[in-house]
Amino acid sequence: MNPLSLDQPWGRGYSALHTHAFADGSSFATNATTSFLPRGLGRSYGDVCVNDGGTLLHTFRRDRLLSFDDVHGVLTCEAGASLADIAEAMLPYGWFLPVVPGTRYVTVGGAIANDVHGKNHHHWGTFGKCVFEMKLRRSDVGLIDVEPSDALFRTTIAGLGLTGLIEEVTLQLDCVPGPGIEQDTKLFGGDGTIDGYLALDEASNDWEYTVGWIDTLDPNLRGVFFRGRHCDGPNEWLAPQPARLTMPMDAPRWLLGAWSAKTFNALYYRAQAMRTATRETIPLWQFFFPLDAVNAWNRAYGKRGFVQYQFVVPTAAARETVPKILTHLREAQVASYLAVIKTFGDNPSPGLMSFPMAGTTVALDIPAPDEKDRRALDRADAMVADVGGRVYPAKDARMSAAMFQRFFPQWRELEAARDPAISSSFWRRVTASQDSAQ
Ligand SMILES: Cc1cc2nc3c(=O)[nH]c(=O)nc-3n(C[C@H](O)[C@H](O)[C@H](O)COP(=O)(O)OP(=O)(O)OC[C@H]3O[C@@H](n4cnc5c(N)ncnc54)[C@H](O)[C@@H]3O)c2cc1C
C-alpha cells in the first residue's frame, strides 16, 4: 500500500486524501481499516471515483486482452483495459466497441460501473448491454462469476464500483467497415426551442450516431447537429493521432465566466456555420473523441475546476422542459461552455441504477460554480425530478441526498448488494440523510 496522497477527479475543484493499492488478485487481503474503492482512469467528473480518507484500489495495471473470438467478435479482457487499448488493437481486424463515451481513456471496469452511454443509445443502449459475463471479487465471498441472469449483474452494471472489484469481463464487439465515419452536419434552432434538434434527430433513424451541440447562453438556443455512421477510410486512420496539444497551465480565473462562455459559444457556432462541407468522411477517433486531442484539457477550467451537469428528462416532457431548464440557468447567469444534447432511445439498460431513460439528455460544463450557481442548479434538479428525470452520478459532485434519492428510489437495493469493504465519497454523500427524499 502506498502512502497518503491528495487526489482529484476529472472535474477537479476539490482534493481528497487517499491511500493507494493496486489490484493484483489479492486485492482485499490487506489489514486496511478504511474502505476501498476500485479506481479506473479517474475520468469521472465528480466523487463517484473518490473515497476521501480511504483507499483507492487502482486497476490500470490489470489491462490484458485475454482472448478474442474473431467469428463472433467476443472479447475477454481484464477490467483495467482501456477502451483506447481495445479500439486500437481491434480496429485493424474490423472490430470496434459498440458503445463509447466521449473519451477513450476509460477502463472497461469504469464503463460498466457507470454503465456509460455514447451517441448511439437509440441503436445499442448502454455499455452494460455489450457485457456477457464478469468475474467479480468481493471481500466477503471471494472471486465469483456473474452473468446477466444473476441479481449481482443487475446491481454491478451502473453499480458505481460498490458491489465488488470487477476483474475480468467478456464483451460483444461490433463489426465495422473500417476506420472512417461518414459525418453529416446541420444547424438547428434560433427559435428558443429544441424542436429543430428533435426534428433532425427523428429524421436520422438510419444514422447510427447522433449528437448536438447547443448554445445554452443564446436565448434562441441555436445549435449544431452531427450524425454519423461507420465507413471505410485510409489505413493511416486505423490508429489515432497522438494528442497534438497539451493544456500547459490552469486557465486564470478572470478568463472564465458568462462573458467568455458567450464569446466561446458564438465563435464555435460561427465556425460551424461557415464550414462549406456538411458531409465528409473523418477518422472515427475524431468523431468520437474530439476532446482527447488535447491532453489535460480539464485545466482549461482553471484551478478551481468545473462541474459537468448532465440531466435527462423523459420523452413526453423533453420538448417543454429542456428549454425551461436552459432558460432558468441562463437567466441565473450560470456560465456554460460546450453543452451537448443527445437522445436516449427506448432501450432499457441492464443496470439497476443506470442513468439513461428514453428521453433527451443535456450536459453542460460549468466552471467552479459559486453559491448563486449552486442554488440555480438545485432548482434545475427539482425541475428535472418533477417530470420524472434524473441527474447523472458519473458527472456529479453536488446533488443533495434528497434529490439523489428522488432520482434513484431503487438505491437501497444497491446498498443491500454493496460489498461491506467498499465505499465512496459519492455514496456516503448521497445516502447520508436516508429517508429524506420527498
Ligand atoms: C471527456 C469525457 C467525456 C465523457 N463522455 C461520456 C459520455 O459520452 N457518456 C458517458 O456515459 N460518460 C462519459 N464520460 C464519463 C466517463 O465515461 C465515466 O465517468 C467512466 O465511468 C470513467 O471510467 P474510468 O475508467 O475513468 O473510471 P473511474 O472514473 O476511475 O471510476 C468510475 C467508477 O467506476 C468504478 N470502477 C472502476 N473500475 C472498476 C472495477 N474494475 N471494478 C468495479 N468498479 C470499478 C469506480 O469505483 C467508480 O465508481 C466522459 C468523461 C470524460 C472525461
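Values quoted throughout were computed directly from the atomic coordinates according to the rules given, and no laboratory measurement underlies them. Only a predicted model underlies this, so the values are computations on that prediction, with no experimental measurement involved. In this analysis, Cβ positions are derived from the backbone assuming ideal geometry, glycine residues included, and neighbour counts consider all displayed protein chains.
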Label-zone membership for the stretch 47-90, site Phe22, 7 angstrom Cα→C-beta point, backbone N under 15 Å | 56-64, 80-81
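Shape of the stretch 131-190 from its Cα gyration tensor (a ≥ b ≥ c, root eigenvalues): rounded if a/c is under 1.5, otherwise prolate when a/b > b/c, or oblate? Present the calculation step by step, with values, prior to reporting the outcome.
Details: a/c = 3.73, a/b = 2.16, b/c = 1.73.
It comes out prolate by the Cα gyration axes.
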Please identify, among Ala382, Ala203, Ala84, the residue showing maximal mean-square fluctuation in a Gaussian network model of the chain using a 10 angstrom Cα cutoff.
-> Ala203
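Okay, helix-only estimate at 222 nm for the chain: each DSSP H run of n ≥ 4 adds -39500 (n - 2.57), divide by all residues, round to 500 deg cm²/dmol; what do you get? It would help to have the intermediate numbers written out before the result.
Working: 12 runs with 107 residues, N = 438.
Estimated from H runs of four or more residues: -7000 deg cm²/dmol.
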Amide H partners (placed H, <5 Å) of Leu143, local residues excluded = Arg138
Charged-residue dipole, Cβ positions (Lys, Arg, Asp, Glu), the chain about Cα centre, Debye nearest 20 | 1360 debye
Using a Gaussian network for the chain with springs between C-alpha atoms less than 10 Å apart, which of these wobbles most: Val294, Val131, Val71?
-> Val71
For the chain, would you read off the P(r) tail past 31 Å as a percentage of all alpha carbon pairs?
-> 38 percent
Under a 5 Å amide H to amide H cut-off, with H placed in plane at 1.01 Å, what residues pair with Phe132 once short-range neighbours are removed?
-> Thr170, Leu171, Gln172
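Please compute the length gained on full extension between Glu280 and Asp346, using 0.36 nm multiplied by the number of residues separating them and subtracting their Cα-Cα distance.
Values: separation 66, 0.36 × 66 = 23.76 nm, distance 2.93 nm.
Once the chain is fully extended between Glu280 and Asp346, it gains 20.8 nm.
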Residue-count net charge about Ile86 - beta-carbon cut-off 12 Å; Lys, Arg +1, Asp, Glu -1 | -3
Per-residue ³J(HN,Hα) for the stretch 197-211, Karplus 6.51 cos²θ - 1.76 cosθ + 1.60, θ = phi - 60°, Hz, x for Gly and Pro | 4, 4, 5, 5, 5, 5, 7, 10, 4, 8, 9, 5, 10, 9, 6
Here, Leu65 and Leu6, labelled 7 Å along Cα→Cβ, have an inter-label distance in nm of 3.9 nm
For the charge dipole of the chain, defined by +1 on Lys and Arg C-beta atoms and -1 on Asp and Glu C-beta atoms about the Cα centroid, which residue among Pro177, His123, Phe408 has the Cα displaced farthest towards the positive pole?
-> Phe408
Among the lysines, which have Cα under 16 Å from the Cα of Lys342 when same-chain residues fewer than 8 positions away are ignored?
-> Lys119, Lys186, Lys395
Long-range amide H contacts for Gly178: which residues qualify at under 5 Å (H placed 1.01 Å from N, peptide plane, sequence gap of 5 or more or a different chain)?
-> Cys231
Quick calc: nm separation of the 7 Å Cα→Cβ label points for Leu291 and Ala151 -> 3.7 nm
Expressed as a rounded percentage, what relative contact order does the stretch 295-438 have, with Cα pairs under 8 Å and six or more residues apart?
-> 29 percent
Expressed in nanometres to one decimal, the distance between label points 7 Å along Cα→Cβ at Thr193 and Gln410 is 3.3 nm
Quick one: Karplus J couplings for the stretch 4-19, per residue in order, coefficients 6.51, -1.76, 1.60, θ = phi - 60°, nearest Hz, x for Gly and Pro?
-> 4, 8, 8, 8, 10, x, 4, x, 6, x, 8, 10, 10, 9, 10, 9
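Can you run the Rg to Rh ratio on the stretch 330-438? Use alpha carbon positions and the Kirkwood inverse-distance Rh.
On the way: Rg = 14.8 Å, Rh = 15.3 Å.
Result: Rg/Rh = 0.97.
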Exposed trypsin sites (Lys or Arg not before Pro) absent: longest stretch of the chain, with sites in DSSP loops and at most 13 other Cβ within 10 Å deemed exposed = 65-243
Karplus ³J(HN,Hα) for the stretch 182-191 (6.51 cos²θ - 1.76 cosθ + 1.60, θ = phi - 60°; Hz, whole; x = Gly/Pro) runs 7, 10, 10, 10, 9, 8, 9, x, x, 10
Top mean-square fluctuation among Thr126, Thr156, Thr34, Gaussian network model of the chain, C-alpha springs under 10 Å?
-> Thr34
